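The values are calculated or read from the model by the stated rules, or taken from the named source; none is laboratory data. Computed from a predicted structure; not experimentally measured. All Cβ positions, even for glycine, are placed from backbone atoms using ideal geometry, and neighbour counts span all protein chains on display.
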Amino acid sequence: MSGSDDDSDAIDGDPPPEFDPADVAGSDIEPVGAMIAVAFTGAVIGLVGAGIALFEGDLGLALIGVGVVVALSSPFAYFRVRRRYGS
């Protein structure tokens, strides 16, 4: 089912042109999006540390600690930016 109406993009499987990932600039990311990205990064670092801890204890524990610090710093940074710039 192909046509020239607006629904044809969804049917063909192509994303609408207004959602092109190449058009996203750093300034388009709001503080909540940045907070999610930082928290996810901290979680990944912590999980990698947990995996490494099975083989190399000290390095794994250090990475777990860094991951926790990164993940927990994200909400603090969000509230600081929100308080500073209002929202």
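Some points to look at:
- Segment 6-18, residues that are part of a helix (DSSP H, G or I), modelled with pLDDT under 65 and exposed (fewer than 12 other Cβ atoms within 10 Å of the Cβ): 10, 11, 12, 17
- Within this structure, residue 54 fails the test of being under 17 Å from the mean Cα position of the chain (by Cα), of a type in the set (A, V, I, L, M) and surrounded by fewer than 16 Cβ atoms within 10 Å (Cβ to Cβ).
- Hits in segment 29-57 (condition: of a type in the set (Val, Ile, Thr) and modelled with pLDDT of 80 or more): 36, 38, 41, 44, 45, 48, 52
- Considering residues of segment 67-76 that are exposed (fewer than 15 other Cβ atoms within 10 Å of the Cβ) and aliphatic (A, V, I, L, M) only, the residue modelled with the lowest pLDDT: 72
- Just one of the listed residues (3, 60) is at pLDDT below 80 and not hydrophobic (A, V, I, L, M, F, W, C), and it is 3.
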